[in-house]
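The values are calculated or read from the model by the stated rules, or taken from the named source; none is laboratory data. These figures come from a predicted structure and were not determined experimentally. No Cβ is skipped: glycine too gets one built from the backbone with ideal geometry, and neighbour counts run over all protein chains shown.
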Amino acid sequence: MGSQLKHFVKSQQLNRPLIDSLFRVADTFDKTYRSDALKGKIVTSFFYEPSTRTRLSFESAAARLGATILTTENAKEFSSAAKGESLEDTIRVVSGYSDAIILRHFNEGAAKIAASLSSVPVINAGDGTGQHPTQALLDIYTIQKELGRLEDFNITFVGDLASGRTVRSLCYLLGKFDGVRVTFVSPKNLRIGEDIKEYLKGRGVKFREKSKLESVLPKSDIIYVTRIQKERIGIEDYESARGMYVINRHNFGLIRLDARIMHPLPHVEEISLPIRTEQNDERVAYFRQAENGMYIRMALLSHMLR
């Protein structure tokens, strides 16, 4: 197995042996659903920002492994943070109650701070516009399951690439695989950061930036769509970008039958497909992607708390 993770703060911590090992464990949980691997353990789910899939899939993962869960879905209002307590003090206290902390925070770098102070493992469940490493891990797992490979494929990222932490985290993982070709499609004001471009260059990953979505859809194996993040950008940037790139019934036919559409969810106006299509067309992978998150997080928790 790859190196043991004490904390999981960023995608760069993962190596290929560890990724492969986590995938094997996740495949097992996909078939069995239940284990007592964490019986007697206490996992705290501490979320300062709204979440549905990440929080519930982590809590479901912990429960299916036999752990007890302590949780707050809005720590910004329903914890002592509302009284002015610092994140640093909160983590020092909560780590005394738990065997692991799953943290989502609105500030980039919060997970790194928490990991430096916690006496128990900290897992970054999203920190502002920084990273979302468990999302990246489940994304790679989904690509493996959908395409049957993690080398030699074309992935197109669409939408708000400036503030989308899922895209940033996934790009850091893509650099670990051979023959991956990346296309970025976004409004001019929401382009991917230069730090990600420099990382991809350093890893020898070919990438390009395009302005027309329809021109790249037929050549894409994975179309990774993201929403315009209204909560992280100014209203002018939001209004100028919203509705610019949409997967709908008019361009859906340009997507090859063996290609897949992924999305970290929630999707709003950037995907406009009939429910029947979402339910029955194999190209729509984002609901399977969300389910994969539970199996990957089961594997991660069992690895970190073994």
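Do you know which residues across the range 142-161 are buried (at least 21 other Cβ atoms within 10 Å of the Cβ) and farther than 14 Å from ILE261 by Cα?
LEU150, ASP160, LEU161
How many residues are free of Cβ contacts under 8 Å to residues at least 40 places away in the same chain, part of a loop (DSSP other than H, G, I, E, B) and within 18 Å of GLY293 (Cβ to Cβ) if we restrict to the range 1-49?
Within the range 1-49, residues that are free of Cβ contacts under 8 Å to residues at least 40 places away in the same chain, part of a loop (DSSP other than H, G, I, E, B) and within 18 Å of GLY293 (Cβ to Cβ) number 2.
Starting from the range 255-284, keep only residues that are free of Cβ contacts under 8 Å to residues at least 24 places away in the same chain and outside the structural domain of SER51 (by TED's automatic domain parsing), then list their pairs with residues that are part of a helix (DSSP H, G or I) and hydrophobic (A, V, I, L, M, F, W, C) whose Cβ atoms are within a distance under 8 Å, requiring at least 6 positions of separation or different chains.
Close Cβ pairs (under 8 Å, with a partner that is part of a helix (DSSP H, G or I) and hydrophobic (A, V, I, L, M, F, W, C)) amount to GLU278/PHE287.
Is the range 111-128 home to any residue that is without any contact (Cβ under 8 Å) to a residue 60 or more places away in the chain, surrounded by fewer than 24 Cβ atoms within 10 Å (Cβ to Cβ) and among the polar types (S, T, N, Q)?
Yes, the conditions are met somewhere in the range 111-128.
Residues that are touching a residue at least 40 places away in the same chain (Cβ under 8 Å) and among the basic types (Lys, Arg): does the range 143-156 have at least one?
Checked the range 143-156: at least one residue is touching a residue at least 40 places away in the same chain (Cβ under 8 Å) and among the basic types (Lys, Arg).
Would you be able to tell me the number of residues in the range 259-306 that are in a helix (DSSP H, G or I), among the aliphatic types (A, V, I, L, M) and under 22 Å from SER60 (Cα atoms)?
Residues in the range 259-306 being in a helix (DSSP H, G or I), among the aliphatic types (A, V, I, L, M) and under 22 Å from SER60 (Cα atoms): 8 in total.
Do we have any residue at all in the range 244-251 that's loosely packed, with under 12 Cβ neighbours inside 10 Å, in the same structural domain as LYS145 (by TED's automatic domain parsing) and modelled with pLDDT under 95?
Scanning the range 244-251, I find at least one residue that is loosely packed, with under 12 Cβ neighbours inside 10 Å, in the same structural domain as LYS145 (by TED's automatic domain parsing) and modelled with pLDDT under 95, so the answer is yes.
Restricting attention to the range 152-166, does a residue exist that is touching a Gly at 6+ places or on another chain (Cβ under 7 Å), under 20 Å from THR54 (Cβ atoms), in the same structural domain as ASN189 (by TED's automatic domain parsing) and assigned to a helix (DSSP H, G or I)?
Among the residues of the range 152-166, at least one is touching a Gly at 6+ places or on another chain (Cβ under 7 Å), under 20 Å from THR54 (Cβ atoms), in the same structural domain as ASN189 (by TED's automatic domain parsing) and assigned to a helix (DSSP H, G or I), which makes the answer yes.
Being buried (at least 19 other Cβ atoms within 10 Å of the Cβ) and in a loop (DSSP other than H, G, I, E, B) is the filter; apply it to the range 52-98 and report the residue that is modelled with the lowest pLDDT.
ALA75
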